Structures are given as C-alpha cells and as structure tokens.
1. Within segment 195-204, is even one residue of a type in the set (Asp, Glu), surrounded by 18 or more Cβ atoms within 10 Å (Cβ to Cβ) and over 14 Å from the mean Cα position of the chain (by Cα)?
2. If I filter segment 124-136 for residues that are at pLDDT below 90, surrounded by fewer than 17 Cβ atoms within 10 Å (Cβ to Cβ), of a type in the set (Ser, Thr, Tyr) and closer than 23 Å to Val50 by Cβ, do I get at least one hit?
3. Going by the structure shown, is Asp167 of a type in the set (D, E, K, R), under 19 Å from the mean Cα position of the chain (by Cα) and at pLDDT below 90?
4. For segment 60-69, does any single residue satisfy the condition of being in a strand (DSSP E or B) and assigned by TED's automatic domain parsing to the domain that holds Tyr119?
5. Residues to consider are Ile95, Ile18, Ile54, Ile42; find the one that is out of contact with any Phe, Trp or Tyr (no Cβ under 6 Å at 6 or more places or on another chain) and not in a helix (DSSP H, G or I).
6. Tell me yes or no: at least one residue of segment 63-81 is over 25 Å from Met1 (Cα atoms), touching a His at 6+ places or on another chain (Cβ under 9 Å) and surrounded by fewer than 17 Cβ atoms within 10 Å (Cβ to Cβ).
7. Regarding segment 148-157, can at least one residue be identified that is at pLDDT 50 or above and out of contact with any helix residue (DSSP H, G or I) (no Cβ under 9 Å at 6 or more places or on another chain)?
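The values are calculated or read from the model by the stated rules, or taken from the named source; none is laboratory data. All values reported here derive from a predicted model rather than from experimental measurement. FYI the Cβ positions are ideal-geometry reconstructions off the backbone, even for glycines, and counts take in every protein chain you see.
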Amino acid sequence: MAKYLTNKETQAVLENVIMGAEKILVLVSPYIALTRTLFSRIKATAEKGVRVKIIYRIDKVRKEELDRLKAIKNIELKFTDDLHAKCYFNEKEMIITSLNLLDTSEKNWEMGIQVNRMYDKEIFDKAMRDVQTIFVDSASLPHYVMRAKAKNIKPKYGNGYCIRCADNIRFNVDKPLCHDCFESWDEWGNKKHTENFCHFSGEESDGETCFEKPILSEYYKKARAVYGF
C-alpha cells in the first residue's frame, strides 16, 4: 500500500529505489546537484546494465553536473523548460515527492509518497505513463558537441548512423538505432517518436527523423540509389 514519507524517509527510500533497480531507473527532478553518495549509487546501478533515464530543467542544472552524468554508461539525459514534478522509480517502486536531487535538500522540509507497482498498480501505472509523456516531450542534448558533424566521422561498424545518438552502425532502414538506443526505444518510444539524427548522413535532423522515417527527405533519393532499398 502507498506509504507517507518524511524528509529523511524519502531520502532513504530514494537510495533504495536506485540500488534496487534491475532493468530501468527513472529520475525526474528539475534541479540536480548530486551528493557523492547518490552519484555513486546511480553510476553503480548503470554499470550493472540498468537503463538510467533522467529528466531535468535545462536552466537548473550546471554544465559540470551534466558532464559527469553524461560520462556514465547506460544513461540518457533529457530536459524540458517547464518541469516542476519530482518522481523517482524503478520497475517495482516509486516515490512521488517534493524532494529535488540536490545535495542541500536534506536541510529542507520535504515529504513524499512511496508506491509499489504490485500493491498500488493503478497509481504506479498512471504516474509512469505521465512520466513517459514528459520523457517523449523532452529534448536531448547533442552528444558532447560533437556528433553534429557525425557525417565527417569515419564509420567503424558500417555506413549508417543511429538516429538517436549518431553512433556509427550498419545502414539498415529497418534497424536505424544502435543496440543501446533500441533498448531505450523499445521501452519508451514508438515508430513516430522524433529522433535526433539522419540515418544516412548523420546530420542533426531537428526532429524530422523517427524510426518509421529515419532519413532526412533531402537525402532519401540518394540513400535509395546508394543502398537500393
């Protein structure tokens, strides 16, 4: 059953949610300035193969904080301008709270509600769907500054580019995502969910590409001529 949490209880349960994640960990917080302990917990969770997704406000998180988070494997960062909700969950447990992911939050008066997917399924599923909506509506920062010129990168594995992260992959219009991004898409996306890059050129697509349409229209004829699909 749903359980009320005081400030200290919220922080303790948050740590358990992070450490207890086995498949996915989602952290929604406008402000992020992690304590060393929480950062280490998130990193350890990601390194054991858990997909970590973080949604934040672009104007509320320092570049240094984003840089150290981006260095973590299996993490996806997305931002929105009008985020005020705070919600943290794995595949089994969720906290809906006033607590931001700030190192100073332990000094504030905070409160939260803990819900369990098995015993509070309706609440858990409704909140998760709302977070999915926020996630899809949010934007991704370009991969370091970086892959915007991905078309100039010499391919390692093939002649195509992942439409989400611009990594070099084998060109295949039916499989335009790299393995890691496909795992993310399979859980959260759909075939019309807008992506970041062109599968053929590697250029930033400004939301024009998606799984169903992975190639920018200006390159479609050329791609067909080259690959004969």
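1. Taking segment 195-204 as the starting set, the residues that turn out to be of a type in the set (Asp, Glu) are 195, 203-204.
From what's left, surrounded by 18 or more Cβ atoms within 10 Å (Cβ to Cβ): 195, 203-204.
Those left that are additionally over 14 Å from the mean Cα position of the chain (by Cα): 203-204.
Within segment 195-204, one or more residues are of a type in the set (Asp, Glu), surrounded by 18 or more Cβ atoms within 10 Å (Cβ to Cβ) and over 14 Å from the mean Cα position of the chain (by Cα).
2. yes
3. Here the answer is yes, as Asp167 does meet what is asked.
4. No, because not a single residue in segment 60-69 is in a strand (DSSP E or B) and assigned by TED's automatic domain parsing to the domain that holds Tyr119.
5. Ile54
6. Yes, the conditions are met somewhere in segment 63-81.
7. Filtering segment 148-157 down to residues at pLDDT 50 or above leaves none.
There is no residue in segment 148-157 that is at pLDDT 50 or above and out of contact with any helix residue (DSSP H, G or I) (no Cβ under 9 Å at 6 or more places or on another chain).
Condition check ((1) in contact with a strand residue (DSSP E or B) (Cβ under 8 Å, 6 or more places away or on another chain); (2) outside the structural domain of Arg36 (by TED's automatic domain parsing); (3) in a strand (DSSP E or B); (4) modelled with pLDDT under 95) across all residues:
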{"site": "Glu76", "(1), (2), (3), (4)": "yes, no, yes, yes"}
{"site": "Phe79", "(1), (2), (3), (4)": "yes, no, yes, yes"}
{"site": "Leu83", "(1), (2), (3), (4)": "yes, no, no, yes"}
{"site": "Phe89", "(1), (2), (3), (4)": "yes, no, yes, no"}
{"site": "Val115", "(1), (2), (3), (4)": "yes, no, yes, no"}
